[in-house]
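Before any comments, here is the structure.
Each value in this text was obtained by applying a stated rule to the coordinates, not by laboratory testing. What you see is a predicted model, and the numbers here were worked out from it, not measured in a lab. For neighbour counting, all protein chains shown are included, and Cβ atoms are generated from backbone atoms with ideal geometry for every residue, glycine included.
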Amino acid sequence: MIKLFHVSDIHFGVEDPMAHGWFKECVAREKPDGIALTGDITQRATLGQFAAATRWIASLEAPVKVEIGNHDMPYYDPVERAFAPYRRFLTLQKAVERPIDLPGVSLVSLRSTSRAQWRTNWSRGIIRPAALAGTLARIAAVPKGDMIIVCTHHPLVETNTKGEVLTRHGEHALCALAKAGVHAILTGHVHDAFDLTHPTPDGPIRMIGAGTLSRRVRSTPPSFNELTIENGMIKVRARNVAELETSAVQIDDIPPDAEPPEAGDRVAPAATLVEDRSA
């Protein structure tokens, strides 16, 4: 059996120290085979926030795979955003990412961020043709018979629209990934956990979203996903500091306004550190 922790939106800058401490203790105690961190590592991509995130991720007692989120590109430096938008993230990635050995399972990255878009809300995702082509090439190189799990930041489609609101070209990417034999897609961004199946012409594909370990909570408390993989099956358990059942933590719809204006965010006080006994 393989145990993979899926965490997202840790948002150094508005992090929840107690939730971070709880997650770190879970890693130290349970020793997962790896950790998939699906973006929004910082709040404003400042050097200080990246430095703090680097120290915290490096301290986790498990190998980590990290993806970039829309908050991980320069916010206050338009020149750097235009000409070197991924420099700070790549520095962190080089410092903390370690290979994850998952027998029979391959984790493949897909970039869903962009330095700029032809719409006002750049926080939303977009799958560029080059990004998708690179992911499909990496999938083609996966050992035959491996379960393929794609890691990206933005959910590729919402369940109540045609997928053009939250992530542009997401529906096309989802269909291409299903055709390539992808079993599941791990994402973050919406700050609530979910486990949904989306139909495509080449069969259904599973979409698994992690919540947040920050104080920028939405409708559920700070949480992460525990994935257990055995006999070709993935079981998801949403672990959370409030000890709620998994079904009470997961949302059953990905809203098209998944990244609302920050003025509308509910920034919660730091979580109370409790032992998770959720089913």
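Per the Kirkwood formula on distinct C-alpha pairs, the Rh of segment 72-165 is how many angstrom? If you can, show how the numbers build up before the last one.
Values: mean 1/r = 0.0647 Å⁻¹.
This gives a value of 15.4 Å.
The modelled label-to-label distance for the pair Asp101/Asn121, using points 7 Å beyond Cα in the direction of Cβ, is 4.4 nm. About its Cα centre, the chain has a charge dipole of approximately 820 debye under the convention of +1 per Lys or Arg Cβ and -1 per Asp or Glu Cβ, with nothing else charged. Only Lys, Arg, Asp and Glu carry charge here, each on its Cβ (+1 for the first two, -1 for the last two); on that basis segment 1-136 has a dipole of about 420 debye about its Cα centre. Farthest towards the positive end of the charge dipole of the chain, among the residues Met1, Val150, Val236, is the Cα of Val150, using unit charges on the Cβ of Lys, Arg, Asp and Glu. Note that segment 5-11 has calculated 3J(HN,Hα) couplings of 8, 10, 10, 8, 6, 7, 6 Hz, one per residue in order, obtained from phi through the Karplus relation 6.51 cos²θ - 1.76 cosθ + 1.60 (θ = phi - 60°); glycine and proline are x.
Helices assigned as whole DSSP H runs in the chain whose Cα atoms extend at least 15 Å along their own long axis and whose mean Kyte-Doolittle hydropathy is 1.0 or higher are found at 129-140. Here's the picture: charge each Lys and Arg Cβ at +1 and each Asp and Glu Cβ at -1 in the chain, and of Ala137, Thr113, Gly125 the one pushed furthest to the positive end of that dipole is Ala137. The structure shown yields log10 I(q)/I(0) by the Debye sum over Cα atoms at q = 0.09, 0.10, 0.14 Å⁻¹, and of the options (i) -0.47, -0.57, -1.04; (ii) -0.42, -0.52, -1.01; (iii) -0.36, -0.46, -0.96 that calculated value carries the label (iii). Annotation: extensible slack from Asp202 through Ala133 equals 23.0 nm (criterion: 0.36 nm per residue apart, minus Cα-Cα distance). What are the lysines whose alpha-carbon lies under 27 Å from the alpha-carbon of Lys179, with same-chain residues fewer than 8 places away excluded? Counting by Cα, and skipping residues close in sequence, Lys179 has these lysines nearby: Lys3, Lys65, Lys144, Lys162, Lys235.
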